[in-house]
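Novice: After the structure tokens below, expect a handful of questions from me.
Where a number appears in this text, it was derived from the coordinates with a stated rule and is not lab data. All values derive from a computational prediction rather than experimental measurement. When we count neighbours, we look across all protein chains shown, and the Cβ atoms used for this are built from the backbone with ideal geometry, even at glycine.
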Amino acid sequence: MADSSSDSVSIDMETPPPSGKDNLIKTSHGSLSVTIYGDQDKPALVTYPDLALNYMSCFQGLFFCPEACSLLLHNFCIYHINPPGHEFGAAAISDDEPVLSVDDLADQIAEVLNHFGLGAVMCMGVTAGAYILTLFAMKYRHRVLGLILVSPLCKAPSWTEWLYNKVMSNLLYYYGMCGVVKELLLKRYFSKEVRGNAQVPESDIVQACRRLLDERQSSNVWHFLEAINGRPDISEGLRKLQCRSLIFVGESSPFHSEAVHMTSKIDRRYSALVEVWTRVYISLLGFLVLLASFCESEF
């Protein structure tokens, strides 16, 4: 997602990357959509988006910024993994299908890597996706070179978050992707300034995201939300991570304290916390400088 400052980038969120190659990978826990972007002979960067988003709506602010795209594709081949049923045109997951656990979702990533013959990879995830990738890194330490995490989760849901998610879950189950659910999700993704108010209209990127949420299958979002709302606390296991971790979080983000807590649990030799002034995921310019340094330290 782009930020709301004067140097923000205007983005068409409905135009897919021209060179992306879509793949549907069968795993022991169902099929996953994976879009490959770049030269597969280069080191792999795996991405995983937040709740109700796919790679296009979550990461396009980076990959359609010319400077970011040039930097990332110079260093990596990007493997965008969508949560089950979050890809464009996905069929609805049956209500009878069991809800996958977060461990199941992490294991799916390992199977995707096996399918493409990948060894150790870089990982970039946002909030729920950051949790899944962190869990993957803990379970398969030899397969992760580094983590780039935006507003990450690592603790079990607090009672407040659990109740908030349960309300959203019930709304999704009985009413689908209704207006209330969309507003709850937009509050999760964007700062007040970007969402707008009575005096200031909401930004183009919020409007685009609202349209994209209309395309999500509510049952598929429900399944992912149920998995995330049942996640365990992985804080203590973070000390065993030996890959580099770069953590971004907005100063006013509801996930700020979680990101600080997570950073405190990772070995300081391998981690860095970057606090940005706005909650709309990343300031592109600052991200590029830090990512360039991060890439150089890994390769």
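Novice: For the residues 214, 104, 22, what sequence is obtained by ranking on other C-beta atoms within 10 Å, fewest first? It would help to have the intermediate numbers written out before the result.
Specialist: Values: 214 8, 104 17, 22 13.
So the ranking, lowest neighbour count to highest, is 214, 22, 104.
Novice: Now a separate question. What is the percent of Cα-Cα separations in region 53-212 that go past 23 Å?
Specialist: Tail fraction, whole percent: 48.
Novice: Here is a follow-up. Kindly provide the GluC sites (Glu not before Pro) of region 150-233 that DSSP labels as loop, not H, G, I, E or B, and whose Cβ sees at most 14 other Cβ atoms within 10 Å.
Specialist: Sparse-neighbourhood loop GluC sites (Glu not before Pro): 215.
Novice: Could you please rank 48, 270, placing first whichever residue has the fewest other Cβ atoms within 10 Å of its Cβ? Provide the component values of the computation, followed by the final result.
Specialist: Working: 48 28, 270 14.
The fewest-first ordering by Cβ neighbours comes to 270, 48.
Novice: What Kirkwood hydrodynamic radius do you get for region 208-266 when you take the inverse of the mean 1/r over all pairs of distinct Cα atoms, in Å?
Specialist: On the way: mean 1/r = 0.0701 Å⁻¹.
Evaluated on region 208-266, it is 14.3 Å.
Novice: Under 16 Å from the 7 Å Cα→Cβ point of residue 252, by amide nitrogen: which residues of region 186-221?
Specialist: Flagged as within label range: 186-203, 206.
Novice: Take the alpha-carbon centre of region 131-168, take the same for region 225-279, and report the distance between them in whole Å.
Specialist: A separation of 8 Å, based on Cα centres.
Novice: Applying a 10 Å radius around every beta-carbon, put 147-158, 246-257 in order of their mean neighbour count, most first.
Specialist: Ranked from most to least packed, the peptides come out as 147-158, 246-257.
Novice: Oh, and also: Rounded, prolate or oblate: pick one for region 144-201, where a ≥ b ≥ c are the square roots of the eigenvalues of its C-alpha gyration tensor, a/c under 1.5 means rounded, and failing that, prolate if a/b is larger than b/c, else oblate.
Specialist: oblate
Novice: Give me 221, 206 sorted ascending by neighbouring Cβ count inside 10 Å, so fewest comes first. Can you show the working numbers first?
Specialist: On the way: 221 25, 206 19.
Taking fewest neighbouring Cβ atoms as first place, the list is 206, 221.
Novice: Work out how much length residue 264 to residue 92 would gain on full extension: take 0.36 nm times their residue separation and subtract the Cα-Cα distance, in nm to one decimal.
Specialist: 58.0 nm
Novice: How long, wide and thick is region 101-195, going by the Cα atoms along their three principal axes, in whole angstroms, largest first?
Specialist: Ordered largest first, region 101-195 gives principal extents of 42, 31, 26 Å.
Novice: When the distances between all Cα atoms of region 170-232 are binned every 5 Å from zero, what whole-number percent does each bin get?
Specialist: The distribution over region 170-232 is 4, 17, 25, 23, 15, 11, 4, 1, 0, given as percents.
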